[in-house]
Amino acid sequence: MIGSYIKTSRRNLMRNKLFSFINIVGLAISMSVGLLLIAFVLDLYSYDSFHTNGDRIYRITNVLTANRQQSRSHSVGKLATTSIKTGKLIRQKVTGIEEVAILRNDFSQDARVDDKILPIKGFWAEPSLFRVLTFPMLEGNPETALKDPYSIVLTETATKKLFGNESALGKAIRFDTLQYQVTGVMKDVPFFSHINFEALVSLSTAVQLNRNDRNFEKWTSMSSNYVYLLLPEDADMASIQSQLDALAREENLAEEDTKIELELLPLYKIVVGETLRRSEGGPGSVGPHMSPIVLWLLGGLALVVILSACFNYANLSMARAMRRFKEMGLRKAIGADKSQVWQQFLVEAVMISLAALLLSYVIFLFLRPLLINLAPEMQRMVKLDLTPSMVVAFVVFSVSVGVIAGFMPALFFSKVSAINALRNVSVPGGQSVNIVKYGTLRRALVVIQYTLTLIFITTTAIGYVQYKNILAFDLGFNTENILNINTQGNKPDALLKELSEIPEVTALSRSLIITSVGNAWGGYMKYKESRDSALVLTNHVDENYLALHEYKLIAGGNFRARPTSTAAATEVIVNQQVLKRFNIGTNDPQKAIGQEITFTSFKGTRRMTIVGVMKDFHYGKVDNFIEPVAFMFWTPEDRAIINAKIHSKDLLATRAKIESVWKKFDRVHPFQAKFYDQEIEDAYSEFSAMIKIIGFLSFLAISIASMGLFGMVVLTTQTRLKEISIRKVMGASPVNLIYLLSRGFLVQLLLSALIALPVTYLFFENVLLTRFPYHTPVQVAELLVGLLVVLLIAFVLIGSQTMKAAKRNPAEVLKSE
């Protein structure tokens, strides 16, 4: 029976080549999007699957609340990081845990072996890390490799770079002035690991190096530490969480303004899970991360494109109903029941879908590098390589699409009456009722398809305009022709001297971070003796920074002192939001000059004097409101970003000149520098990538819808060919004929527009753009561009087929009448 279904389906497909081509190509194009999404999701969910006990591994998440004793108490959010003290207390006090491992993420130094110098990035770690996470050792004992101070474990690749093919075990590496001993060599970290590193250094080394820092193991010092737990198979999660809550309550008693709660985050929800932060306000995860909301959104968009192709199949199948009624009538007359007719059409749809799968895989291979190169994050996140599980998923997906596409035609034809099918179906009553009913359904599917297509196109147009407006937004300071150079741990003075001798470099300054691109630094500020404190974002800048970036000072002046240490930096320049937050000088900038504030960060607490008030500007991205910001003086203790103002007709040539200076200055580290405007563009790369994806899907949706419309027009033209010939004999012009054939389609397109445009407008204005407080209103032109494109394509398709039919000789068409 199945063989009969396949043979009949193959003959039917070959007999109707145009409609088979439209269906196969349409499904292939849409399915390629589905294949990309499947591969993307499978890659994301394969992260950390190589860990032997992955389902029993959890990471501690901190929930931080500031000002807990004040009415203005607010939650800072969930932090991926925690404190070293948290890990030690859990090991001491919490029962029902098999193992605890503490990881610290701030090891980045230059390794020196003989004449070789190689930048190495890694973590400070405990020996228990090898018992919690699965990182196989090639040389050395994992139980003792990270036990003693100044011990280091290298990955296989890092070992070959430093020692070649020689055994590295027991050999020395110099970092700065300190000697470290190689106590182990491990396999390279797999690509699909949420943490990636070249080396692990014993945590006892970090403890020793920071023995004079009272804040190093403080309960609230959680900027760079991660704690992993391995739980038993029969772990009592409720009991463990209860003990964590009790531990947090006990430690919070000693804190005046901060409350910390501890939560358990499963290992498999680190990459695909809730977005977390670090205590400074920056990104919290040390590796790739994708919000489930984004996956659902991408899945929804892909589903819309796939459904569009399925609508094509259903529409064309039911539009050809008149030609297949007798076939179904004969089948039923010789004994076929509804289920057999149903199976026939499902087999036919699945065959088309499997044929489309082969073509869609070719398209997938073409689109894969485009998706990976869409944004820098993509290259570090996925590979999209074909795996056995992916092949199975592709086939299951293809069959599912075939069943979805064939469901409506199978339902339609399974209800055909043998008697009505074998006689003239156009007689009153009988099957004509079903034809009218399914004709209405077919038109409804066209309206739905074009509604979704218009939403895609309009969303792309509005999103693109908003994106361009964001890039051109006035941040409150100047970013034009400013090159930000990362000194990568080098002392900046010598480089500043070299750069100042380049004629095109007109001004230079130093800063700790680059603002307005998502970076954040900060601490808690108090005014006078109040217990009320608030998070204030900061940057450490030198005396040239404000002038170079053209910040507007509305009271006071620039920094006067030139401190050489953070503790000695007692001058601060604040924005207007700081005055409003603490009511300093009754919000009068002039009265605020000379006022003292208390600032607390991970480096300690100090009293500072306000020497200047600057006009509000955007420290963060423009999807955030302007917040309280303070500038403090840059000192040699800080890392340095050099800001170079360039005046040149050829910026790229000047950048190359600066790079040549860097290569003389630092022969180890590659030149890392970007123009400020490029930094801002990169900061919104996710937004840009989403617009590109939606734009691409819009192109696919309109292509699939246009193919479906073309098939419908061809079928309608063929069905009404005699009517067209008679009207032509009676004197109808080509314009009249185009209007006659396009009227029904245009009404459906306009109905789609009446649904799509208001929905898109309301979604942007009331949902999406509410996240961007400084967005520009949606314009009418952005809404109408999609409709005009669709109408133009419809006119071209309908007009071309109508003109082709109009040119036929009526005598040839009507000679059988």
Exercise. Run GLU256 past the list (1) out of contact with any Pro (no Cβ under 7 Å at 6 or more places or on another chain); (2) of a type outside the set (Lys, Arg); (3) free of Cβ contacts under 8 Å to residues at least 60 places away in the same chain; (4) surrounded by fewer than 17 Cβ atoms within 10 Å (Cβ to Cβ) and report the number of the one that doesn't hold.
Key: (3)
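Taking only the stretch 135-157 into account, find how many residues are part of a loop (DSSP other than H, G, I, E, B), of a type outside the set (Lys, Arg) and closer than 23 Å to SER224 by Cβ. Talk me through it step by step, then tell me what you get.
In the first step, residues of the stretch 135-157 are kept if they are part of a loop (DSSP other than H, G, I, E, B); the result is 135-136, 140-150.
Checking the rest, the ones that are also of a type outside the set (Lys, Arg) come to 135-136, 140-146, 148-150.
Keeping just the survivors that are closer than 23 Å to SER224 by Cβ gives 135, 145-146, 148-150.
Total meeting the criteria: 6.
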Quiz item: Is there a residue being crowded, with 20+ Cβ neighbours inside 10 Å, touching a strand residue (DSSP E or B) at 6+ places or on another chain (Cβ under 6 Å) and in the same structural domain as PHE633 (by TED's automatic domain parsing) anywhere in the stretch 488-499?
Solution: no
Exercise. Examine the stretch 660-667 for a residue that is small (Gly, Ala, Ser) and buried (at least 16 other Cβ atoms within 10 Å of the Cβ), and state whether such a residue exists.
Key: no
Practice problem: Among the strands (runs of 3 or more DSSP E) lying completely within the stretch 454-527, list those that include at least 1 residues that are of a type in the set (Gly, Ala, Ser). | Solution: 505-511, 522-527
Quiz item: Just for the stretch 276-325: of the residues that are of a type in the set (Lys, Arg) and more than 27 Å from LEU700 (Cβ to Cβ), which one is modelled with the highest pLDDT?
Solution: ARG277
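Quick grid of which residues meet (1) modelled with pLDDT of 95 or more; (2) in contact with a strand residue (DSSP E or B) (Cβ under 6 Å, 6 or more places away or on another chain); (3) not aromatic (Phe, Trp, Tyr):
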position: SER516; (1), (2), (3): no, no, yes
position: ASN519; (1), (2), (3): no, no, yes
position: GLY522; (1), (2), (3): no, yes, yes
position: SER530; (1), (2), (3): no, no, yes
position: SER533; (1), (2), (3): no, yes, yes
position: VAL536; (1), (2), (3): no, yes, yes
position: ASP542; (1), (2), (3): yes, yes, yes
position: LEU548; (1), (2), (3): yes, yes, yes
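Quick check on my filter: what residues within the stretch 660-686 are within 21 Å of LEU548 (Cα to Cα) and assigned to a helix (DSSP H, G or I)?
Taking the stretch 660-686 and keeping what is within 21 Å of LEU548 (Cα to Cα), we get 672-681.
Result: TYR676, ASP677, GLN678, GLU679, ILE680, GLU681.
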Self-check item: Failed item in (1) in contact with an Asp or Glu (Cβ under 8 Å, 6 or more places away or on another chain); (2) surrounded by 19 or more Cβ atoms within 10 Å (Cβ to Cβ); (3) modelled with pLDDT under 80, with VAL778 passing the rest
Solution: (3)
Practice problem: Determine whether ASP148 is over 31 Å from the mean Cα position of the chain (by Cα), modelled with pLDDT of 90 or more and of a type outside the set (Phe, Trp, Tyr). | Solution: yes
Quiz item: Looking at ALA507, ALA534, which is the one that is surrounded by 15 or more Cβ atoms within 10 Å (Cβ to Cβ) and either within 26 Å of THR600 (Cα to Cα) or hydroxyl-bearing (Ser, Thr, Tyr) (or both)?
Solution: ALA534
Quiz item: On the given criteria, is LEU262 at pLDDT 85 or above and buried (at least 18 other Cβ atoms within 10 Å of the Cβ)?
Solution: yes
Quiz item: For GLU143, all conditions in the list (1) surrounded by 14 or more Cβ atoms within 10 Å (Cβ to Cβ); (2) at pLDDT below 95 hold save one; what is the number of the exception?
Solution: (1)
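Please find, within the stretch 766-783, the residue that is nearest to THR451 (Cα to Cα) out of those that are assigned to a helix (DSSP H, G or I), touching a residue at least 12 places away in the same chain (Cβ under 8 Å) and in contact with a helix residue (DSSP H, G or I) (Cβ under 9 Å, 6 or more places away or on another chain). Explain how you work it out, then say what you get.
Here is the first cut: in the stretch 766-783, the ones assigned to a helix (DSSP H, G or I) are 766-771, 780-783.
From what's left, touching a residue at least 12 places away in the same chain (Cβ under 8 Å): 769, 771, 782-783.
With the extra rule that they be in contact with a helix residue (DSSP H, G or I) (Cβ under 9 Å, 6 or more places away or on another chain), the set shrinks to 769, 782-783.
Working: LEU769: 21, GLU782: 16, LEU783: 13 Å.
Top of the filtered list is LEU783.
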Quiz item: Quick one: how many residues across the stretch 617-645 are surrounded by fewer than 19 Cβ atoms within 10 Å (Cβ to Cβ) and of a type in the set (A, V, I, L, M)?
Solution: 1
Quiz item: Has the stretch 640-661 got at least one residue that is at pLDDT below 85 and under 30 Å from ALA472 (Cα atoms)?
Solution: no
Quiz item: Which numbered condition trips up MET137, out of (1) within 30 Å of THR605 (Cβ to Cβ); (2) aliphatic (A, V, I, L, M); (3) surrounded by fewer than 20 Cβ atoms within 10 Å (Cβ to Cβ)?
Solution: (1)
Quiz prompt | Qualifying positions in the stretch 721-759 - over 51 Å from the mean Cα position of the chain (by Cα), in a helix (DSSP H, G or I) and of a type in the set (S, T, N, Q) | solution = SER725
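Every residue, every condition in (1) among the aliphatic types (A, V, I, L, M); (2) in contact with a Phe, Trp or Tyr (Cβ under 6 Å, 6 or more places away or on another chain); (3) surrounded by fewer than 20 Cβ atoms within 10 Å (Cβ to Cβ); (4) modelled with pLDDT under 90, yes or no:
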position: ASP55; (1), (2), (3), (4): no, no, yes, no
position: ILE60; (1), (2), (3), (4): yes, no, no, no
position: LYS88; (1), (2), (3), (4): no, no, yes, no
position: ILE97; (1), (2), (3), (4): yes, no, yes, no
position: VAL100; (1), (2), (3), (4): yes, no, no, no
position: VAL113; (1), (2), (3), (4): yes, no, yes, no
position: ILE120; (1), (2), (3), (4): yes, no, no, no
position: GLU126; (1), (2), (3), (4): no, no, no, no
position: ARG131; (1), (2), (3), (4): no, no, yes, no
Quiz prompt | Failed item, numbered, when TYR180 is tested on (1) surrounded by 14 or more Cβ atoms within 10 Å (Cβ to Cβ); (2) in a helix (DSSP H, G or I) | solution = (2)
Self-check item: Among the candidates LEU762, LEU697, residue that is assigned to a helix (DSSP H, G or I), buried (at least 20 other Cβ atoms within 10 Å of the Cβ), at pLDDT 80 or above and not hydroxyl-bearing (Ser, Thr, Tyr)
Solution: LEU697
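The values are calculated or read from the model by the stated rules, or taken from the named source; none is laboratory data. All figures in this text were calculated on a predicted structure; none of them were measured in a lab. Here Cβ is always computed from backbone atoms with ideal geometry, including for glycine, and neighbour counts include all displayed protein chains.
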